[in-house]
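Beneath this line is the structure, given in structure tokens, with notes to follow.
Taken together, the values in this text are just the output of simple stated rules run on the coordinates, not laboratory data. Worth saying up front: this structure is predicted, and the values here are computed from it rather than measured. Please note: Cβ atoms are built from the backbone with ideal geometry, for glycine as well, and neighbour counts cover all protein chains shown.
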There are 2 protein chains.
Amino acid sequence: MSTENLRVVGRGIPKVDALELVTGRAKFAGDLKFPGMLYGYARRAGIPAGKIRSIDCSAALGLPGVSAVLTSEDIPGPNIIGILPPFDQPVLASQVVRYEGESLALAVADSREAAKRAAAAVRVTIDPLEPILDIDTALKPDSRRIHPDGNITFSKKLIKGDVEKGFAAAEVVVENTYHTSFQEHAYLEPETVVAVPGGDGRVTVYASCQSPFHIRGHIAANLNLPASRVKVVQAYTGGSFGGKDDVATEIGCLAAVAAVKLQKPVMIAHERGESIIGSNLRHAARIHYRTAGLKDGTILARQAKIYLDGGAYASESPFVTMKALIHAAGPYHVPNVLVECTAVYTNKTYSGAFRGFGVPQVTFASESQLDELAAELNMDPLQLRRNNGLQAGQATATGQVFEKSVGLLQTIDRIAERREQIPAAAPGEERWLYGRGYSCLFQGISNGAEGIDVVGASVQVSQDGSVLVGVGLTDMGQGSRTVFAQIAAEVLGVTVDRITVRQVDTDSVHDSGPTVASRSTTVGGMAVYKAAGEVKASLVKMASLMLKCGEEQVRLEENFAVLTDNPEVRIPLPEVATAAYWTGFPLMHLTFSRAPDAQFDHETHQGNIYIAYNFGTHLMDLRIDRLTGRVEVLRHLAAHDVGRAVNPLGVEGQVEGGALIGFGMAHLERIEHEGGCIQNANFSDYGVPSIKDRLPTETIIVEDHNPTGPYGAKGVGEPPVAGTAAVFANAVAAATGVRFTRLPIRREDILAALEEQ
Amino acid sequence: MSTENLRVVGRGIPKVDALELVTGRAKFAGDLKFPGMLYGYARRAGIPAGKIRSIDCSAALGLPGVSAVLTSEDIPGPNIIGILPPFDQPVLASQVVRYEGESLALAVADSREAAKRAAAAVRVTIDPLEPILDIDTALKPDSRRIHPDGNITFSKKLIKGDVEKGFAAAEVVVENTYHTSFQEHAYLEPETVVAVPGGDGRVTVYASCQSPFHIRGHIAANLNLPASRVKVVQAYTGGSFGGKDDVATEIGCLAAVAAVKLQKPVMIAHERGESIIGSNLRHAARIHYRTAGLKDGTILARQAKIYLDGGAYASESPFVTMKALIHAAGPYHVPNVLVECTAVYTNKTYSGAFRGFGVPQVTFASESQLDELAAELNMDPLQLRRNNGLQAGQATATGQVFEKSVGLLQTIDRIAERREQIPAAAPGEERWLYGRGYSCLFQGISNGAEGIDVVGASVQVSQDGSVLVGVGLTDMGQGSRTVFAQIAAEVLGVTVDRITVRQVDTDSVHDSGPTVASRSTTVGGMAVYKAAGEVKASLVKMASLMLKCGEEQVRLEENFAVLTDNPEVRIPLPEVATAAYWTGFPLMHLTFSRAPDAQFDHETHQGNIYIAYNFGTHLMDLRIDRLTGRVEVLRHLAAHDVGRAVNPLGVEGQVEGGALIGFGMAHLERIEHEGGCIQNANFSDYGVPSIKDRLPTETIIVEDHNPTGPYGAKGVGEPPVAGTAAVFANAVAAATGVRFTRLPIRREDILAALEEQ
């Protein structure tokens, strides 16, 4: 793949759908209207654990405007959902309550208000059970089993080298236990779906979602219909961050069952409280960590024991467990590693996918350890990281060796250069404590050995030379639509304004799995690249016939086919496309792109798991008001190796957005439970960062060409979260001299620590 | 392609969408509703020719409920539509009126009634011109030019051998001039479209239509948008028969322009009168014909001069001209042929595609000639046909030689067998005249050399083993959806209930051109066959891994993968599909299928034009009431060589439906013009056959394997029209002894002829 003379890839451009988005024309699921549309509202358990004795819908059914109240008996299929085995979640619970947000019945009425009133009027009798609310209780052998197979959702070990030997040889050891809290995705658009029964025996579900194919499978199963009768269309989606996977399936099934039963369109749109209580959170974690080193700073061994609170259902706990396991030792060359990671069930809102997938939690712990080691050794923490930083040819914790695109040291060096130019802010002021922190991180790109990594993409060139691109991965705001447009434009030599990237639906491309793991640009972009290349071949062949030259003499650029030797000889692309059509050359192609096979041992977690890693180094300067604990971030540098920035503006957006989520996790956000019930299920009491909390993030793009991505690109969606969460903790420690082991580190925590000092 | 042991192909099954259709659940375009939807109604010229002086919309705009009144100035693009070059029709006329149905303005309002009132309130000033209303006037050198290049739309010659020599050697010559009338398609659902502006910068047009890709191109051009921004979805379509090509483009453009301008959904639904006046008809024809033979019945030469009245715009006149030209000499081995065919412009509703495409007209003339020749020679007319009937290895009029699938003689023999068993009804009754007629016919399958013959199809297998099929050709009632389902089911070894054939849209498959020329089963079916075969390969590969056997040992049938040697060893297909998905085998494929290249000389019309012909022989027994002229069809046998009947029930439906259209053309239907204006634009005055006119058609299926079609199939959509029109005329001639040279032969025509006798 030539990366010379790129015209479109590498240029920072606004999102291709920016106009629709800023004018409000873009239709989100909640904007959709269908004649006769009804509204669904779920009756939830309201207590964290219990046995359901009865669900009486008669009173609710009598209320005005109510069309139906569905219970589990109305579900034609198995009444089971879940991301992957174990499929352990009912669509509507009928016997056991495992968390307060458990849906028991769905009221359907001609307005949201009527549906909500009806849901409240459902008479539910539940015998409460003592809820299991923490990891240790869950793990006690005699604890009540939340699920039949016990309270361990998933438990895995990673073993590299001999960690005992490593610690035996250590000259210095640091050890600590870290905690992180549940975090809410807090997308601006709560979860919404509309199911529309078709006149053709099919059902179409428009969803604010992340993984339409996943949803389709569950809806079909629960409707007891062939999957080919169900079409899921991703509506414009106002953020997801991993949060609209399980829940979109749940409400997608509910809406579809209601729609088919009533033969009317049914919308379910969560309120904010439902969104927080009734959909997955980021796993709270407890991480015991120790690191062994020599006095020169060489890391010999690292060991971590991680517990994740998975809440009531498995959701993505298996994947998050794996990601935590694989990333726990950090982006370093560590010969001996032992990581154990266990996700457990508790009677709380379930945990699942959230941008970073376990990596922010372990990166916070690992990077805290690095700073603790540097302090112990009295070394420059950045230098310590550089000394141990992973390089091309060295093995990761899973034993995977990349020969290319290991840009960690470049990100460290870019940060090191910059810190020479910027003084750490003046210390010694009466009121302010100043601190500078560092973090390094890596994050695996692609599903890799965790699943199957396939993406379908189609590229269709019309006779007017315009291009329609379809991909099986969703743009939830991250800008992948723009990246796909740029790649197609680059390959086909057309301008971006001639490209349309259409909404994802399950009918028109291969099941592409979930849109996760920062894989859109890398795996999805490669699919677009390949599909466009096939169509390009037709255009070049046609142009060579028209220009009477060899195919190698044809260049497509700026909507023209150009004779390479004499660029003044050129034919407008629409003429070429029209001629190609009438000559019978194919102008549409559907690609099935599959990431290279992972060779991986699921026992030891050794092997080649991902097609690439994103590497990063962050620097943060902040100051803390001694009197109030208020933290002001003064500077935030985030250097990331993205292989190739297809759209540098988009990379900046991803880094800034990810940074804010990491900052929220590190400083502001904490789900508060009381007796298993969430106490702050609203944006007043839950401290989601607002526009005023925007960080002064400066993105430093490092491009270490990745051979597995289109034009060398690799993803950057998740990595900034981990980097920012970790760097904040280290900067606060630098400012205060206090090592905080629990996220979030809130203003009151800092104040308390300072007072204790 | 093995045709042994077929399980699904060859079985007569009800339409896969029968349930939706008979329950009324199927949503036709007029059933669609969108919030805020407006309605468009066109103001038409009302006179057949004139110069437009002014169009004043102010009064119309002031009426209640009116949102806009569009004129040509509101069309962002070139304001031109048309099937193919010459693109000669405006979307909204601004200068010249060429026929009474010319649209001048579109009123858009919040109800159809309000829009209609507003359209009537548009003040139009037109300076009338003397209309040109017949072929001879149009062809006069000094006639006013209806279009800038004159009044000849398209004119071509077919030359095979030396026709003069043939006539010089003749022992007998018959010669006559035949006329056919304009015919209305008379589908039950008039033309309807709804254009919906999307929130994503795109426009979706739902259309009752035949050729969505064609429509898309014109809408995009007239909106001045890239084609990739326009999506056309075929709604359930209640008949088309060629009639929803041009007009769907016209109203599609109008609705889309209005929808984008007003940013609201806009529906245009024709009333019956608009449907008749404002969309194309079957060409009226005048055919001068002579046939030269020997006394033994050998045909030496045939010559025809055909004029087609094309009305105001070109539409499909070029194609109809070609089809008439190519089929004029009939399905016979004729060494010398000269056919000239000319389509002309007149100031009448334009003529265009109509099931049969010129073949019914020339078949009526040609088969009348055959009977006239038989009478002259005193030969059995069926034997005369058999003696001259085309056989494998003999050249058609275009010089094309088929080595296979030339089943004409088989159809003749099947009819000959049957007539032995059935007496011609008792003659000599006082009141009734009895007659038996015959016709033979052929009809080219595929676009062939007339255009490009490509079809896109996609087949997607989900993890549950269900199958989604998409094809770029439309089912307008002919049952192709069922045929495609059967082919996919056969290839993939699944039951038909696991197959869904989705609505056609322009996003998801290759531009497949128009759905015409009886090519759905042959070319479209082949595309499905190929796409399904690709997916089958993945399933077989996976099953062979699971069954631990060679791929050749795996058979897919009845939703199982079966070990051929031991059929008790089998795995349910959903398990195979799920495993294939997770192993990374592709389960979706998009095919681009292209008919073999035609080698054709467009000067002489010699060469290989079609990939196959359908051949047929009809027999009709009828009786005529001497007193009233009433005709009763007593028996109608229609033997057709369809290569392979994928769905014999569907073949019967096509033959019965086509027969009724041919019967209407031959006996009942005539568009009546007065001063260029249609006088019977309604179903009371226009004699469309009703359910009471249903013929006692009996379909005799002949299967002469066609190597270019899936499982040997070839199309049957159009051929029965020609066969029935021709056989009716011959049966009437047999009964009355009067050769009628003008269609329709109505009751009053028969009565007048009998009285004259």
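Sorted from shortest, what are the nm distances separating the label point of A:E420 from equivalent points in the other copies, each placed 7 Å from Cα along Cα to C-beta?
Its label point is 10.6 nm from the equivalent points in the other copies.
For the pairs A:K536/B:K536; A:K231/B:K27; A:K156/A:K323, flag any whose C-alpha to C-alpha distance is greater than 19 Å.
Pairs exceeding the cut-off: A:K536/B:K536.
In whole Hz, with x marking every Gly and Pro, tabulate ³J(HN,Hα) for the stretch B:476-487 from phi via Karplus 6.51 cos²θ - 1.76 cosθ + 1.60, θ = phi - 60°.
Listing the rounded values in order: 9, x, 6, x, 5, 4, 5, 4, 5, 4, 5, 5 Hz.
In the neighborhood of B:V193, defined by Cβ-to-Cβ distances under 10 Å, what is the net charge if each Lys or Arg adds +1 and each Asp or Glu adds -1?
Local charge sum for B:V193: -1.
For the stretch B:397-403, take each phi angle, set θ = phi - 60°, evaluate the Karplus expression 6.51 cos²θ - 1.76 cosθ + 1.60, and give the result in whole Hz per residue in order, putting x for glycine and proline.
So the J values, rounded to whole Hz, are 4, 8, x, 7, 10, 9, 8.
What length, rounded to one decimal in nm, is gained on full extension from B:W582 through to B:Q95, with 0.36 nm per residue of separation minus their alpha-carbon distance?
169.0 nm
When the Cα centres of the stretch B:524-538 and the stretch B:336-394 are compared, how far apart do they sit, in Å?
38
Search the structure for amide H atoms under 5 Å from the amide H of A:L390, placed 1.01 Å from N in the peptide plane, and list their residues when 5 or more places away or on another chain.
It is A:Y332, A:H333, by chain and number.
Mind checking which lysines have their Cα closer than 21 Å to the Cα of A:K348? Skip sequence neighbours fewer than 8 apart in that chain.
A:K51, A:K140, A:K244
Give the order of B:D597, B:D475 when sorted by the count of other beta carbons within 10 angstrom, beginning with the fewest.
B:D597, B:D475
Rounded to the nearest 0.05, what FRET efficiency do B:D601 and B:R418 have when you use their Cβ-Cβ distance and R0 = 41 Å?
That pair, B:D601 with B:R418, gives E of 0.55.
Once you average over the residues of A:200-210, how many Cβ atoms of partner chains fall within 10 Å of each Cβ?
The mean count of partner-chain Cβ atoms within 10 Å per residue comes to 2.
Kindly provide the trypsin sites (Lys or Arg not before Pro) of the stretch A:339-434 that DSSP labels as loop, not H, G, I, E or B, and whose Cβ sees at most 15 other Cβ atoms within 10 Å.
Counting only loop positions with at most 15 other Cβ atoms within 10 Å, the trypsin sites (Lys or Arg not before Pro) in the stretch A:339-434 are A:K404, A:R431.
If contacts are Cα pairs under 8 angstrom and at least 6 residues apart, what is the relative contact order of the stretch A:454-539 in percent?
With pairs under 8 Å counted, the relative contact order is 43 percent.
With label points built 7 Å along Cα→Cβ from the Cα atoms of B:S155 and B:T177, find their separation and express it in nm.
1.7
Can you give me the relative contact order of chain B as a percent, contacts being Cα pairs under 8 Å and 6 or more apart?
16
Going by amide H atoms built from the backbone, whose H comes under 5 Å of the H on A:I126, apart from near neighbours?
A:R53
Describe numerically, in nm with one decimal, the distance between label points set 7 Å from Cα along Cα→Cβ at A:R144 and at A:S690.
4.0
Considering only DSSP beta bridges whose two residues both sit in the protein assembly as shown, what percent are antiparallel, to the nearest 5?
So the antiparallel bridges amount to about 80 percent of the total.
Dipole of chain A (Lys/Arg Cβ +1, Asp/Glu Cβ -1, origin at the Cα centre): which of A:L377, A:S228, A:I745 lies farthest to the positive side?
Of the candidates, A:S228 comes out farthest on the positive side.
List every residue whose amide H lies under 5 Å from the amide H of A:V569, counting only residues 5 or more places away in sequence or on a different chain, with H placed 1.01 Å from N in the peptide plane.
A:L563
Each label point is 7 Å from the Cα along the Cα-to-Cβ direction; what then is the distance between the points at A:R630 and B:V738, in nm?
The answer from the label model is 10.6 nm.
What FRET efficiency do you get for B:T495 and B:T564 if R0 is 22 Å and r is their Cβ-Cβ distance, rounded to the nearest 0.05?
The formula returns an efficiency of 0.65 here.
Sequence gap at least 6, Cα distance under 8 Å: using those rules, report the relative contact order of the stretch A:62-165 to the nearest whole percent.
Over the stretch A:62-165, the number comes to 23 percent.
At what distance in angstrom do the alpha carbon centres of the stretch A:244-280 and the stretch B:402-462 lie from each other?
So the separation of the two Cα centres works out to 55 Å.
Round to the nearest 0.05 the FRET efficiency obtained for A:Q757 and A:Q263 when R0 = 60 Å and r is the Cβ-Cβ distance.
FRET efficiency, A:Q757 to A:Q263: 0.35.
First select every other residue whose beta carbon is under 10 angstrom from the beta carbon of B:E102; then total the charges, Lys and Arg +1, Asp and Glu -1.
+2
Quick one: Cα centre-to-centre distance for the stretch B:657-704 and the stretch A:1-66, in angstrom?
51
When DSSP beta bridges are limited to those with both residues in chain B, what percentage is antiparallel, rounded to the nearest 5?
The antiparallel fraction comes to roughly 80 percent.
Among the aspartates and glutamates, which fall within straight-line cross-link reach of A:K15, defined as a Cα-Cα distance under 20 Å, with same-chain neighbours fewer than 8 residues apart omitted?
A:E189, A:D475, A:E490, A:D497, A:E558, A:E652, A:E656, A:E698, A:E718, B:D200
Note down the magnitude of the dipole of chain A about its Cα centre, charges +1 on Lys and Arg C-beta and -1 on Asp and Glu C-beta and zero elsewhere, to the nearest 20 debye.
The calculation lands at about 920 debye.
So what's the back-of-envelope 222 nm ellipticity for chain B, counting only DSSP H runs of four-plus at -39500 (n - 2.57) apiece and dividing by all residues, rounded to 500?
My calculation for chain B gives -8500 deg cm²/dmol from helical runs alone.
So what are the ³J(HN,Hα) numbers for the stretch A:583-595, from phi and the Karplus equation (6.51, -1.76, 1.60; θ = phi - 60°), rounded to whole Hz, Gly and Pro as x?
Once rounded to whole Hz, the list reads 8, x, 8, x, 10, 9, 9, 10, 9, 10, 10, 10, 5.
Quick check: net charge around A:P586, other residues with Cβ under 9 Å of its Cβ, Lys/Arg +1 and Asp/Glu -1?
Neighbour charge sum, excluding A:P586 itself: 0.
Which of B:C341, A:C549 has the fewest other C-beta atoms within 10 Å, and how do the rest follow up to the most?
Ranking B:C341, A:C549 by Cβ neighbours within 10 Å, fewest first, gives A:C549, B:C341.
Placing the label point 7 Å from Cα along the Cα-to-Cβ direction, what are the distances from A:E748 to the equivalent spots in the other copies, shortest first, in nm to one decimal?
Shortest to longest, the spacings are 9.7 nm.
Suppose you put the label 7 Å out from Cα in the Cβ direction; list, shortest first and in nm with one decimal, how far A:P141 is from each other copy's label.
Copy-to-copy label distances at A:P141, shortest first: 11.4 nm.
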